[in-house]
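Participant: Take a look at the following structure, please.
Values quoted throughout were computed directly from the atomic coordinates according to the rules given, and no laboratory measurement underlies them. Here the structure is a predicted model, which means the values were calculated and not measured. Note: ideal-geometry Cβ built from the backbone for every residue, glycine included; neighbour counts use all protein chains shown.
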Amino acid sequence: MKAQYTAVIFRDGDWYVGWCPEVKGANGQGKTRKECLRDIAAGVTTMLEYYRAEAMKQAPPDAERATLTFA
């Protein structure tokens with residue numbers, strides 16, 4: 001099973017706007033629902049990459065990095 005995230009979206013005038021409550025800072029917008037969801041997904045990817053890089057800066061040089069897989 002792949003990781004799953006929630007998208008909260010709504011119309012605001014001519015736009016769809018939303019965010020992912022599980023990933024702070026992952027927001028999006030679009031003229032269509034599909035564009036908005038795609039923008040939020042890009043935000044999730046960007047923020048997770050940023051958080052990972054920032055966390056690795058705090059790890060000691062000999063720290064091991066492992067991948068977690070959720071079933």
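Participant: Using only the alpha-carbon atoms, how far is helix 33-58 inclined from the longest principal axis of the chain? Give it as 0 to 90 degrees, nearest 10.
Facilitator: 20
Participant: Estimate the FRET efficiency between residue 67 and residue 15 by the formula 1/(1 + (r/R0)^6), using the beta-carbon distance for r and 25 Å for R0, to the nearest 0.05.
Facilitator: Computed FRET efficiency for residue 67 and residue 15: 0.10.
Participant: Would you mind calculating the relative contact order of region 8-56 from Cα pairs under 8 angstrom and at least 6 residues apart, reporting the percent as a whole number?
Facilitator: Relative contact order of region 8-56: 28 percent.
Participant: Just the projected area, averaged over all directions, of the convex hull on the alpha carbon atoms of region 8-56: how many nm²?
Facilitator: Details: hull surface 12.1 nm².
Hull-based average projected area comes out at 3.0 nm².
Participant: Sticking with the crude label model, points 7 Å out along Cα→Cβ, report the distance from residue 29 to residue 4 in nm, one decimal please.
Facilitator: With each label point 7 Å from Cα toward Cβ, the separation is 2.9 nm.
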